[in-house]
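Working notes for the structure below.
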Amino acid sequence: MSRTRGSGPPWRPSGAQRFEEGSTTMSVDAPGNARGLRLPRSARRAQLLEAAQAAFVESGYHAAAMDDIAERAGVSKPVLYQHFPGKLDLYLALLDHHRTEIETAVRAALSSTTDNKQRVLDCVGVYFEFVTREGAPFRLLFESDLTNDPAVSERVEGVALTCGEALAEVIAADTQMSDADAHMLGMALTGMAQVSARYWLSQGSTIPREEAARIVGQLAWRGIGGFPKSDGSAVAESSVGEHPGHEEQRLSS
């Protein structure tokens, strides 16, 4: 998972990184600032996760070392091992954290409106926002160098499955498609959104993020919007040359 040419701007550690601990979101100072300080356990854990993310994103799982993570966090290795028994435990904790973030964002996009066109656009937008997050957490979920490990692959594949299933529920409820067909379409949409967002970032983000997400979302909507509604009425496909602001017939508009 080492950085290659064309993979976007280099990762730079931020002054603060946010991690969830239970229902509380905490902001933790940069890792090296807390050496010798006695922190609450939850704050120390967040600090260690921040340092681990920096190491894993920069070097990949295999090349990152616990010594380096402890040094980045400004703690001794025994302190690091008090919180995480091994490097894999650190990696899985980060995957769980960021997996929850993107799954929650997709579900929020689907529940925020009943306009299905806007739902599609917003879901695509979630992936474009995620790849631009400071610290590049998307590299852990979408470009992991440890997918041969069952625990890692379950989490990486689980992101796409959960997001695809959430979309499939909406698609199946609003169309005449079978559950199996709706799931296929949901997975296709999440795959398109993820790959497109990563490609956009790798090209230097020359198109504004909102515009890039809109282009991809419009393509996805024109495909999904062509399926019949669940009440049997037809849905007219928009003209390819139609201006994006033009009102279209849609599913459950």
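Share of carbon and sulfur in the accessible area of region 126-208 stands at 56%, probe radius 1.4 Å. The loop-placed GluC sites (Glu not before Pro) in region 117-190, going by DSSP, that have at most 14 neighbouring Cβ atoms within 10 Å of their Cβ come out as Glu134. In the context of the full protein assembly, Thr206 retains an accessible surface of approximately 120 Å², using a probe radius of 1.4 Å and ignoring ligands and nucleic acids. The distance linking region 50-101 with region 171-203 is 32 Å (Cα centroid to Cα centroid, whole angstrom). Would you please give the FRET efficiency between Gln176 and Ser112, computed as 1/(1 + (r/R0)^6) with r the Cβ-Cβ distance and R0 = 22 Å, to the nearest 0.05? With a Förster radius of 22 Å, E is 0.30. The slack between Ala65 and Arg38, meaning 0.36 nm per residue of separation minus the straight C-alpha distance, is 7.4 nm. Once neighbouring chains are kept in place and the probe is 1.4 Å, which whole percent of the accessible area of region 58-114 is contributed by carbon and sulfur? Its accessible area is 52 percent carbon and sulfur atoms. Note on Glu157/Ser202: beta-carbon distance plugged into 1/(1 + (r/R0)^6) with R0 of 22 Å gives a FRET efficiency of 0.50. Just check region 87-226 against the gyration tensor rule for me: Cα atoms, a ≥ b ≥ c as the square roots of the eigenvalues, rounded for a/c under 1.5, and otherwise prolate or oblate depending on whether a/b exceeds b/c. The shape class here is oblate.
The values are calculated or read from the model by the stated rules, or taken from the named source; none is laboratory data. Please read these numbers as outputs of a predicted model, since none were measured by experiment. Don't worry about glycine lacking a Cβ; one is built from the backbone with ideal geometry, like all the others, and counts go over all protein chains shown. These accessible areas exclude ligands, DNA and RNA; they are computed on the full protein's heavy atoms, side chains included. Shrake-Rupley method; radii C 1.70, N 1.55, O 1.52, S 1.80 Å.
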